[in-house]
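Below you'll find the structure, written out as structure tokens, and then a few comments.
The values are calculated or read from the model by the stated rules, or taken from the named source; none is laboratory data. Worth saying up front: this structure is predicted, and the values here are computed from it rather than measured. Here the Cβ is made from the backbone with ideal geometry for all residues, glycine too, and neighbour counts use every protein chain on show.
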Ligand code: AMP
């Protein structure tokens, strides 16, 4: 399985990827997670990416493409992958096409997780994460049993600095302007699989398995 999860921030790309991973052994590659890890460690990439990320803007094209070129060559990608948060612009999609051609690989599907802007704001402003295991919670829809403590591992719960409403609106604007054109890009290649991600069910997993005949 080699798929892209496309959709606005808060569409549930990470949550749905975690569900797919329960059934399929593939690498989950979240560019946001890789960048946050680099910011945390203070690497040269992290230092360059930090300001853009805090403002909800995209990190420079060449940094992202180089990062993904290296990541897709890692051993765990041989069994397939889910790309979560990449590509985010048409030039990134074209760079991915070149990268996959170099590696002799093709994409199986691009899953578009559809959700409206107000749902995104509601979801993201309530989103909380575990510092230990990365589990995703929501103060309104899926709170932890004990406030501030992860149900799964007991780790500390935190809110991403870009999950504040003003930054969320900025990220949505960036999505509509720069990422939404990818819908037509992949639709014209007949790769697009559109899924209603407004609910919390297994719609993405089911649609994906139908498409792949799994
Ligand atoms: P995410 O976790 O996917 O919401 O990403 C968090 C932030 O990381 C984004 O708001 C961007 O600043 C940056 N980022 C993640 N993926 C990309 C990408 N493919 N291209 C440019 N910036 C990215």
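Details
- Failed condition for residue 164, given (1) within 15 Å of the ligand (Cβ to nearest atom); (2) under 30 Å from residue 44 (Cβ atoms); (3) modelled with pLDDT of 95 or more; (4) surrounded by fewer than 16 Cβ atoms within 10 Å (Cβ to Cβ): (3)
- Residue within region 71-92 that is within 8 Å of the ligand (Cβ to nearest atom) and either surrounded by fewer than 13 Cβ atoms within 10 Å (Cβ to Cβ) or more than 25 Å from residue 135 (Cα to Cα) (or both) present: yes
- Listed by position, the helices (runs of 4 or more DSSP H) inside region 29-130 whose residues that are under 22 Å from residue 158 (Cβ atoms) number at least 2 are 31-41, 44-55, 117-125.
- Filter pass, residue 37 being over 22 Å from residue 3 (Cα atoms), more than 10 Å from the ligand (Cβ to nearest atom) and modelled with pLDDT under 95: yes
- Matching residues in region 3-25 - criterion: being in contact with a strand residue (DSSP E or B) (Cβ under 9 Å, 6 or more places away or on another chain), surrounded by fewer than 20 Cβ atoms within 10 Å (Cβ to Cβ) and not in a helix (DSSP H, G or I): 24
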